[in-house]
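Working notes for the structure below.
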Amino acid sequence: MDINIILHIAKHWFEAGNLPHPSKGSIARAMQVTPRAVQKRIAALEDLGFLRRIERRGPKGSKGSQTSEFDLSGLKEKATPHAVEAIKQREKIRQMKLDRLRRKKVDVEALANEGVS
């Protein structure tokens, strides 16, 4: 459920300087759960440091507030070390494949040279 909430919030993030601000109701409808269930999970994600809610108020004199903005910089901060490790692992595997191909190429060349001599 948490990843669905994060993905739904991220889906509404179009510009770096303009934080996403989907309503809990729209997230709940997309996930077919109650807005209260979404509210609880957002609070848990905030407690874990994955996101930060930024309350938005309407103009002076208006009643109520607008939908909260969501700052996902905590998620980025927590995910970056894992992403770096995954990139290193991917590069290591790629390098191993290249090394294996080079060894095969060298062996073919050696066999060809032996046959020519």
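The values are calculated or read from the model by the stated rules, or taken from the named source; none is laboratory data. Just so we're clear, the structure is a prediction, and the values are computed from it rather than from any experiment. Cβ placement follows ideal geometry from the backbone for every residue including glycine, while neighbour counts extend to all protein chains displayed.
Summary table below
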quantity	calculated
Out of ALA16, ALA44, sole residue that is within 23 Å of ALA79 (Cα to Cα), at pLDDT 95 or above, aliphatic (A, V, I, L, M) and under 20 Å from the mean Cα position of the chain (by Cα)	ALA44
Unique residue being in contact with a helix residue (DSSP H, G or I) (Cβ under 6 Å, 6 or more places away or on another chain) and among the charged types (D, E, K, R) when the list is LYS11, LYS24, LYS40	LYS24
Evaluation of SER26 against (1) modelled with pLDDT under 90; (2) of a type in the set (Ser, Thr, Tyr); (3) in contact with a strand residue (DSSP E or B) (Cβ under 9 Å, 6 or more places away or on another chain) (one fails), failing number	(1)
Some residue of the range 34-56 being farther than 14 Å from ILE6 by Cβ and part of a loop (DSSP other than H, G, I, E, B)	yes
